[in-house]
Structures are given as structure tokens and as C-alpha cells.
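One structure is given here, and the rest of the page talks about it.
The values are calculated or read from the model by the stated rules, or taken from the named source; none is laboratory data. Fair warning: this is a prediction, and the values are worked out from it, not measured in the lab. Every residue, glycine as well, gets a Cβ built from its backbone with ideal geometry; the counts of neighbours run over all protein chains shown.
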Amino acid sequence: MKYDVKPCRILYKREIAQGIFDFLLDAEDFAKAAKPGQFVHILVPGKTLRRPISICDIDAEAGTLRIVFQIRGEGTEILSQMKIGDHMDVLAPLGNGFDLGDTNRKALFVGGGIGVPPLLGAAKKFGKNATVAVGFRNKETAILEADFARAGCRVFVATDDGSMGHHGLVIDCAKDVEADVIFACGPTPMLKAVCELAKERGIPCQISLEERMACGIGACLGCATPLLREDGTQYFGHVCKDGPVFDYTKVVL
């Protein structure tokens, strides 16, 4: 895994839902090296530990990275207050991203909440061959559905309270979708349901895990997660270095 640390200027900033921010970073070298599903580790002014944030989209030609994150504590609150023209101290690109393979296949993307942004860059590669099912608490927390649609993807939205799209679980929107491969990111109960769907269908599935991280490069061992070897025995890997994207058959949820 090759990574570097560079200051990246904020080109664009918008609050796209309450407490959820959309930043575009001038990051030419990172944009050329990054792939969908990887993440960046951002230094928070005045704090020791960086904050891991998934890469939402990559434009290698323009030299930009897009990140979408939610305020989850003091660190992300500080990041949300940074302004256009400020520079973020970014360690990137980190982790293993999605293995997209043949983008002419029919792909199903399933995301929940703040697990939706990591799927955008990958879904755009499939375009009209992608069906995207995304779930949120309510209409006010729904994000990026228009971005997926602009990329040519077919989009289904589910909300817990029925204020937008399907009233219920996002997996309900995915069950009848014809697909050759599944990509998913979101809360554990959702990922479990997605893995069951992939198992029933007998199709490949990659899931992106979310975990609290300190170093982001596998040195501190703080983001340990149980994984399975080929023989079915269990061991502990690390989300930052071995993931965040895993083959669903290798993960213990």
C-alpha cells in the first residue's frame, strides 16, 4: 500500500443534510492513485489522532477527491468548520478499495446512512449497469440519490419513517434486483442482510466495514476485526490495512 501526506486545499464545501458535509479537495497526486472504496486520514487541528473518512468520488483528470462525512464528535465538528481555501492535512490513499472487475456486469449497490458515500465512485463506473438501493432514517437525512441518478444508475430509496421512497428496510428494495455482483457499505444489520442475499443468489459480494481508527496504516492494531481463513478458522485482521473492503465470505459480522 503506497500512501503519502500532503496539504489539500478545499475547493468546495456544502452541508448537504443536517450535520453531513460535502467537501471537494484539490488532491492531484491522490486522485491519480486512489480507487473507489479507499479512504483518507485527515489531521484535525489541535488533535493528535486523525479522522478516517471514506473517499466518495475521484476525478483523476481534474485532480480532485470528494469526501462526504457526518459530524460524529468533536473532531469531525472541527473539520466541518473549515472553509473554502483552507488546507487539510491528508494521509492518502489508504486501505483496499473495491475490486470492480468487469463493469459491463449488472451490479447492485446497497448502502445505509453515512455508508452511502463510499459507493458513489464505484457505482459511477458501472453507470446504467448499476442499481443502487440506499436507506436512511428519513427524508431529511437522505443524501447523494441525485448523484447516483446523474451517473445513469437506477436508484431506490428507503426510509425508516416512510417520508421518502420505500417505507422500511433498504434490503427490501434490493431483493428483487437482478445482479451479477453486489457491493455494500452501511450498518452491520444491513450488511448481514446483504450477505444473506448474496449467499442465496450465489453471487460475489464485497462489503466495506466502518471502524474507529487511530493510525490508519495497520501499525496501532486498533481497528481489529474477526476474519475467516480459507479453512474456516478465525483470526483478527484490521479494517484499515486489510480492508475496509472485504469479500463477504471472509468476514465475521
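What the table below lists for this structure:
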item	result
Meets criteria (of a type in the set (Val, Ile, Thr), surrounded by 21 or more Cβ atoms within 10 Å (Cβ to Cβ) and farther than 26 Å from Ala151 by Cα) for Val90	yes
Filter result for Ile171 (surrounded by 15 or more Cβ atoms within 10 Å (Cβ to Cβ), at pLDDT 95 or above and assigned to a loop (DSSP other than H, G, I, E, B))	no
Lone qualifier among Ala214, Ala224 - being touching a Phe, Trp or Tyr at 6+ places or on another chain (Cβ under 6 Å) and modelled with pLDDT under 95	Ala224
Residues (closer than 25 Å to Val181 by Cα, among the hydrophobic types (A, V, I, L, M, F, W, C) and exposed (fewer than 13 other Cβ atoms within 10 Å of the Cβ)) located in the range 194-253	Val252
Matching entry among Gly127, Gly112 (being buried (at least 21 other Cβ atoms within 10 Å of the Cβ) and at pLDDT 95 or above)	Gly112
Scan of the range 16-34 for residues that are touching a residue at least 40 places away in the same chain (Cβ under 8 Å) and part of a strand (DSSP E or B), ordered by number	Ile16, Ala17, Ile20, Phe21, Asp22, Phe23, Leu24, Leu25
Options Val181, Val170; residue that is more than 30 Å from Arg51 (Cβ to Cβ), touching a residue at least 40 places away in the same chain (Cβ under 8 Å) and not acidic (Asp, Glu)	Val181
Some residue of the range 143-162 being surrounded by fewer than 19 Cβ atoms within 10 Å (Cβ to Cβ), among the polar types (S, T, N, Q) and either not in a helix (DSSP H, G or I) or not assigned by TED's automatic domain parsing to the domain that holds Gly243 (or both)	no
Exclusive hit being part of a strand (DSSP E or B), in contact (Cβ under 8 Å) with a residue 40 or more places away in the chain and either in the same structural domain as Cys240 (by TED's automatic domain parsing) or not hydroxyl-bearing (Ser, Thr, Tyr) (or both), set Val110, Val134	Val110
Selected residue (criterion: nearest to Val40 (Cα to Cα)) from residues of the range 8-24 that are exposed (fewer than 15 other Cβ atoms within 10 Å of the Cβ) and of a type in the set (Lys, Arg)	Arg9
